[in-house]
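**Student:** This structure is in C-alpha cells; I'll ask about it shortly.
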Amino acid sequence: MNKLTIVILVLVILSTSCKNKDSGKKYFNKDVQNSYTEKLNSFPRYLVNFFPSKIDGVYGMSETKDTTNECIYFMYYDFNNKKSTSIDSIFKSKAKAVYNAIDTNIISVRTKLLIWDDPTMEMFYNNIFINGRYYYPVPYFEKDDYSSIGIKSEDIYSSKTPCGLTKDFTIYILDSKQGSYWKGLKPSEHMPKNWKNGFSKGVCVNNKKGIVIYWFVIW
C-alpha cells in the first residue's frame, strides 16, 4: 500500500468519524426534545401551557407522579437564560401573587419521602391568608445534583428558606385553585382548611444567576 493510499484512507476514516459524531449529536438533541414534549403531553394542558415548548441551552428536569408522595409535580430548570430579566417582567404582569423565596409565610408542598428522610421538614399550615396577603402553595424545591453539567447546588438551593430555593429567587404564582385535580391524591393534612387538595403553577426567576424554573404542583 503506497503512502497516497494510506493518506486517503485516513482522511476517509476521519471524515466518517466526524459525520457520525454530528449525526449522533443531532439525534440526541431530537431524542431529548421528544422526551420533554412527551412529559408535557402527559399532564393536563392547563398545568403546562406556560412551559417553553422547546428545550435549549443548559437545563434540568424534576418530576414525581407517585401519589404516595402526596403530591404530583413537574419542574423545568433553565440554567443559562440570558433573557431572565425580560421573563421577570413578563410574568410579573401576569402573576396572581409574587413572593420572595425567603418570605417566611410561604406555604410549601413537601413530598412524603422528604418528610420521611427528615421529619423536621414536616409543616402544618392553618390559612393561606396571612397578614393581608394570599399565600398560594408552592412546591418545596428538593435539592438535585447538577454538578455534572457545571451547575452549583448553592446557586439554586438553600435549606434556610421555606421553599428550598436561595433568597435571590422571586416566585410568580400564575394560577392556584383548591379542589381535586389528580386521581389518587387524598386530602392533605398539612394544607389549610378548604385547601386540602388543589394545584398551583408558576415560575421562579433568579436574575443574578440567569436561572428560570417553570413548575406546577398538585396536592
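The values are calculated or read from the model by the stated rules, or taken from the named source; none is laboratory data. It should be emphasised that the depicted structure is a prediction, and the values quoted were computed from it without experimental measurement. Neighbour counts run over all protein chains shown; Cβ positions are idealised from the backbone, glycine included.
**Student:** Give the stretch 34-84 a look and list any residue that's acidic (Asp, Glu), modelled with pLDDT of 95 or more and outside any strand (DSSP E or B), or say none.
**Tutor:** GLU38, ASP66, GLU70
**Student:** While we're on this one: Of the conditions (1) more than 16 Å from THR161 (Cβ to Cβ); (2) charged (D, E, K, R); (3) surrounded by fewer than 19 Cβ atoms within 10 Å (Cβ to Cβ), GLU70 clears all except one; give me its number.
**Tutor:** Evaluating GLU70 over (1) more than 16 Å from THR161 (Cβ to Cβ); (2) charged (D, E, K, R); (3) surrounded by fewer than 19 Cβ atoms within 10 Å (Cβ to Cβ) leaves (3) as the failure.
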